[in-house]
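Quick notes on the structure that follows.
The values are calculated or read from the model by the stated rules, or taken from the named source; none is laboratory data. As the structure is a computational prediction, the values presented were derived from the model and not from experiment. Methodologically, a virtual Cβ is constructed for each residue, glycine included, from the backbone with ideal geometry; neighbour enumeration extends over all protein chains shown.
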Amino acid sequence: MVYITRDWDGTEYFPIHDFHHVEFFTGNAKQAAHYYRSAFGFEAYAYCGPETGVRDYVSYVLKKKKQYFVMTTPLHSAHPASGWLKKHGDGIYDIAFSVDCDQEAYESCLSRGAEGVFEPKLQKDDDGEYGKASIKTYGDTIHSFINDANYTGLWAPSFDSLQMPSLNVEDTAITAIDHIVGNVEQGVMDTWGEFYEKIFGFTTFVRFDETDISTQYSALKSIVVRSKNWRVKMPINEPAEGIKKSQIE
């Protein structure tokens, strides 16, 4: 049975303005950047790597309107992304949020039981200050809090503009990130929904059971949590019993 409400039943512990960016760990960041440019119309925007003084990894930042995708590839086996890629293959590592203060957001979440990954760090260069901190969420995914209000550079310290051959791609009409889905193990969907309600103060506004999302052979359950301003929406899915495996298994 479908449950949908527009009521706000959460607590805004700190403002989350929007998705800041989505970072992918990938075995070939340059190729991944080409794919998203040619298929989805993203623009080459910023880059860091050995040429900019970063020796452990390369990152390609792609932009389309106010959406940013970051493609990151490790340059040696000791980098944490190498183990992540061996376990998962190419995928989303970081779902980052825009906040007023990364330290406030980080400490607020930890005070309610979140597990930290990267403590608040303020990076500085001639273009200003860039604040970042990160916590764990489901699987091996993280949420970073980004405060770049006082940074006037292209992306972040150590990044330069990204020069790639132009592509003649028709406008794909993609304007914004509407939501980002997390598929979790059977039986823990509600646990992760409660995590977002407790840690971020989000509210659950949609719920589907296996009778709502199913085929002849497979099914899943889903809830959707959101921020107060509706800019961040996070569906969480889990498999449901069916004749065959769920479509998310």
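Screening the range 171-227 for residues that are under 21 Å from the mean Cα position of the chain (by Cα) and charged (D, E, K, R) and picking the one that is modelled with the lowest pLDDT gives Glu185. Residues in the range 44-84 that are touching a helix residue (DSSP H, G or I) at 6+ places or on another chain (Cβ under 8 Å) and of a type in the set (Ser, Thr, Tyr): Tyr57, Ser59, Tyr60, Thr72, Thr73.
Where strands (runs of 3 or more DSSP E) fall entirely within the range 104-162, those with at least 1 residues that are touching a residue at least 24 places away in the same chain (Cβ under 8 Å) and surrounded by fewer than 17 Cβ atoms within 10 Å (Cβ to Cβ) are at 116-125, 128-136. Condition check for Cys101 on (1) touching a residue at least 24 places away in the same chain (Cβ under 8 Å); (2) under 22 Å from Pro235 (Cβ atoms); (3) not aliphatic (A, V, I, L, M): one failure, at (2).
Do we have any residue at all in the range 34-50 that's more than 27 Å from His76 (Cβ to Cβ) and acidic (Asp, Glu)?
yes
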